[in-house]
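*Asks:* A single structure is presented below for examination.
The values are calculated or read from the model by the stated rules, or taken from the named source; none is laboratory data. All figures in this text were calculated on a predicted structure; none of them were measured in a lab. Positions of Cβ are generated from backbone atoms using ideal geometry, with glycine treated the same way; all protein chains shown enter the neighbour counts. Remember, those area values only see protein heavy atoms, side chains included, never the ligands or the DNA or RNA. Shrake-Rupley method; radii C 1.70, N 1.55, O 1.52, S 1.80 Å.
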Amino acid sequence: MEFLNHKINRKKDKFGIPLSEKMRPETLDDFVGQNHIMGKSAVLHKAIKEDKIFSMILWGPPGCGKTSLANIIANKTKSEFIQISAVLSGVKEIRSVIENARKSLYNFRKKTIFFVDEIHRFSKSQQDAFLKHVENGLITLIGATTQNPSYEIIPALLSRCRVFTFNSHSKKEIVKIVNRAVSDKVNGLGTFNLEFEPDALSYIIKTSDGDVRTALNSLELTVFYINKQCEHKEDKKKVTLDDIEEIFQKKVLLYDKSGEEHYNLISAFHKSLRGSDPDAAIYWIARMLLAGEDPLYIARRMVRFASEDIGVADNNALSVALNAMEAYRFLGYPEGEGALVQAAVYLSTAPKSNSIYKAYNKAKEVVDETGTLPVPCHIRNASTKLMKNLGYGEGYKYAHNYKGAYVPQDYLPEKIQNHEFYNPSDRGYEKVIKQRLDAWKGLKKSIKNHSL
């Protein structure tokens, strides 16, 4: 098996190497961004500078510098540096790494730093395979992942690593990296004699969405295209916005329907509805739909929201959400999206109450605590003579026989008769319900007091 280590100069032969690879920083001074963890006084910066690397997980979106940082560590450290990709490797490769680490330690007194790119692709059994070797110090693990480590890394391994969270690059940082690539005559594009109009370069930077790799790959594609178009011209070639738009494909929005960003966006949408902000609700639903989210998933979340956060404060909310879901099923894409947005606006502007949600949770807690309490005899079903002889249904008062179709009567088991689960708010239709319940409670209380 062939491993990549710090002794291999990947820039020596530049033919066929992508620009994003050629422009990787080799020193701490070259690294751009992530100042919150890479500032000169930060722990990680000091650890790399002093060659005192510890096991860590580098977590962040694509193109934010995780692999570049590993590259710097590889160049800086005196330890053996082994790099593999979890996409292409398995337990066999891990065992080979461990064996190499043993040889380096016992034969040459050299520690091994083991860098695993996309470590979230390893199964639990594969992660278990090198856990004990991280524990006993045979290897120092550096894992890079775009997924939340809390979900993707086994707890035992995660507890032995320091997690560093990387952010997408700011526009200012992308500008700095792109300008460096354009002007660099050794590893970059400086030899192509190109001049980018400001709008053209801004387009590449904007559509990179904070992803350095995307920005550099797009830049390289643009240069290749323009160079082909003007290969017989010796004067300086200008790259215009029209050129960029002709060759540049629209970037798909950052979204992983099974990962953390999926939950972040649906959470933002749900909380915007709850916060009664229709503008934010429209924005987040647009983000999800344009990113390829299943529209019926969004519809199902709105149906749930109608009960959980509105309830009977507005009884129409549930109908609106269900109708929007059926409308999308009937119309499909793209016409049905309007129905979803309409429902989102209605839900965000409806009166809010979580009384139903709280009432049900409170009832579940009581059920868990008290178990299967017997049904009071007077409201049991007396369907046979034996049941009637046992007192089933005896003393039951038929509500319709009383004024206003209401008669004070106990319906809860004796042990929890005084429990109240539902406490309506004073918003929307619940205000009417509250008045009605208060009146019934008053009537019930007066009859009890009278009987005393």
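*Asks:* Given an 8 Å cut-off on Cα distances and at least 6 residues of separation, report the relative contact order of the range 1-160 as a percent. Please list the in-between numbers first.
*Replies:* Numbers: 222 pairs, mean separation 41.4, N = 160.
Relative contact order of the range 1-160: 26 percent.
*Asks:* Also: Report, to the nearest 10°, how far helix 91-108 tilts away from the longest principal axis of the Cα atoms in the chain, using its own Cα long axis and a range of 0 to 90°.
*Replies:* Helix 91-108 sits roughly 50 degrees off the main axis of the chain.
*Asks:* If you don't mind, another one. Nearest 5 is fine: what % of DSSP beta bridges in the chain come out antiparallel, could you say?
*Replies:* Numbers: 1 of 24 bridges.
Within the chain, antiparallel bridges account for around 5 percent of the total.
*Asks:* Separate question: Can you match P(r) over Cα pairs in 10 Å bins from 0, in percent to one of these, (i) 4, 14, 18, 17, 16, 12, 8, 6, 4, 1, 0; (ii) 4, 16, 19, 14, 11, 9, 8, 6, 5, 4, 3, 1, 0; (iii) 4, 17, 24, 25, 19, 8, 2, 0, based on a calculation from the structure here?
*Replies:* (i)
*Asks:* So, counting K/R as plus one and D/E as minus one, what does the shell of residues with Cβ under 14 Å around SER123 add up to? Can you show the working numbers first?
*Replies:* Working: positive: LYS92, ARG121, LYS124; negative: GLU93, GLU118, ASP128, GLU152.
My count for the surroundings of SER123 gives -1.
*Asks:* Roughly how many Å² of GLU173 are accessible to a 1.4 Å probe, to the nearest 10?
*Replies:* Its heavy atoms expose roughly 40 Å² to the probe.
*Asks:* Roll a 1.4 angstrom probe over the protein heavy atoms and tell me the percent of accessible area of the chain that is carbon or sulfur. Let's see the in-between values first.
*Replies:* Numbers: 13420 of 26060 Å².
Of all accessible area on the chain, carbon and sulfur atoms account for 51 percent.
*Asks:* Compare SER383, SER96 by solvent-accessible area with a 1.4 Å probe and give them largest first, with all protein chains kept in place.
*Replies:* Numbers: SER383 75, SER96 35 Å².
Solvent-accessible surface, decreasing: SER383, SER96.
*Asks:* For helix 430-451, report the angle its Cα long axis makes with the longest principal axis of the Cα atoms of the chain; keep it between 0 and 90° and round to the nearest 10°.
*Replies:* Here the helix axis deviates by roughly 40 degrees.
*Asks:* How high is the relative contact order of the chain? Use alpha-carbon pairs under 8 Å, at least six apart in sequence, and give a whole percent. Could you put the intermediate results ahead of the total?
*Replies:* Working: 610 pairs, mean separation 50.4, N = 452.
Worked out over the chain, it gives 11 percent.
*Asks:* Still on this structure, I have one more. How charged is the neighbourhood of VAL43? Take every other residue with its Cβ under 15 Å from the Cβ of VAL43, and add Lys/Arg as +1 and Asp/Glu as -1. Could you put the intermediate results ahead of the total?
*Replies:* Working: positive: LYS40, LYS46, LYS49, LYS52, ARG162; negative: GLU50, ASP51.
Value of the local net charge: +3.
*Asks:* Right, here's the next one. Rounded, prolate or oblate: which fits the range 352-452, taking a ≥ b ≥ c as square roots of the Cα gyration tensor eigenvalues, rounded meaning a/c under 1.5, else prolate when a/b beats b/c? Intermediate values should be presented prior to the final figure.
*Replies:* On the way: a/c = 2.11, a/b = 1.34, b/c = 1.58.
Oblate is the answer for the range 352-452, as a/c is 1.5 or above yet b/c matches or exceeds a/b.
*Asks:* Right, another one. Could you tell me which of rounded, prolate or oblate describes the range 43-159, using a ≥ b ≥ c as the square roots of the eigenvalues of the alpha-carbon gyration tensor, with rounded for a/c under 1.5 and, failing that, prolate when a/b is larger than b/c and oblate otherwise? Intermediate results must be reported in sequence, preceding the final value.
*Replies:* Values: a/c = 1.62, a/b = 1.10, b/c = 1.48.
Oblate, because a/c is 1.5 or more while a/b does not exceed b/c.
*Asks:* VAL367: accessible area at probe 1.4 Å, nearest 10 Å²?
*Replies:* Looks like 90 Å² after rounding.
*Asks:* A further question on this structure: Got a sec? What order do LEU105, LEU88 fall in by accessible area at 1.4 Å, biggest, i.e. largest, first? It would help to have the intermediate numbers written out before the result.
*Replies:* Values: LEU105 50, LEU88 145 Å².
Order by accessible area, largest first: LEU88, LEU105.
*Asks:* For the Cα atoms of the chain, what angle does the longest principal axis make with the long axis of helix 295-305, in degrees from 0 to 90, nearest 10?
*Replies:* Approximately 40 degrees, to the nearest 10.
*Asks:* Same structure, new question: Please compute the volume of the convex hull spanned by the alpha-carbon atoms of the range 60-99 and report it per residue in Å³. Walk me through the intermediate numbers first.
*Replies:* Numbers: hull volume 3.3 nm³, N = 40.
Given the Cα convex hull of the range 60-99, per-residue volume reads 83 Å³.
*Asks:* Related question: Taking Cα centroids, how far is the range 81-152 from the range 300-378 in Å?
*Replies:* 47
*Asks:* What does the accessible area of HIS169 come to, in Å² to the nearest 10, when a probe of 1.4 Å is used?
*Replies:* The accessible area of HIS169 comes to roughly 20 Å².
*Asks:* Sort the range 139-191 into rounded, prolate or oblate with this rule: let a ≥ b ≥ c be the square roots of the eigenvalues of the Cα gyration tensor; rounded if a/c is under 1.5, and if a/c is not under 1.5, prolate when a/b is larger than b/c, oblate otherwise. Show your work: numbers first, answer last.
*Replies:* Details: a/c = 4.49, a/b = 2.55, b/c = 1.76.
Prolate.
*Asks:* Kindly provide the helix-only [θ] at 222 nm of the chain, computed as the sum of -39,500 (n - 2.57) over DSSP H runs of four or more divided by all residues, to the nearest 500 deg cm²/dmol? Before the final figure, lay out each step's value.
*Replies:* On the way: 20 runs with 223 residues, N = 452.
So the helix-based figure for the chain works out to -15000 deg cm²/dmol.
*Asks:* Another one. With unit charges on the beta carbon (Lys/Arg positive, Asp/Glu negative), name the residue among ILE447, LEU138, LEU105 whose Cα is farthest towards the positive pole of the charge dipole of the chain.
*Replies:* ILE447
*Asks:* With all protein chains present and a 1.4 Å probe, how do ASP29, ASP438, ASP426, ASP117 order by accessible area, largest first? Don't skip to the answer; put the middle values down first.
*Replies:* Details: ASP29 130, ASP438 80, ASP426 100, ASP117 40 Å².
Solvent-accessible surface, decreasing: ASP29, ASP426, ASP438, ASP117.
*Asks:* Using a simple charge model, +1 on the beta-carbon of Lys and Arg, -1 on the beta-carbon of Asp and Glu, nothing else, what dipole does the chain show about its Cα centre, in debye to the nearest 20?
*Replies:* Working: 66 positive and 54 negative charges, 334 e Å.
In debye, rounded to 20, the chain gives about 1600.
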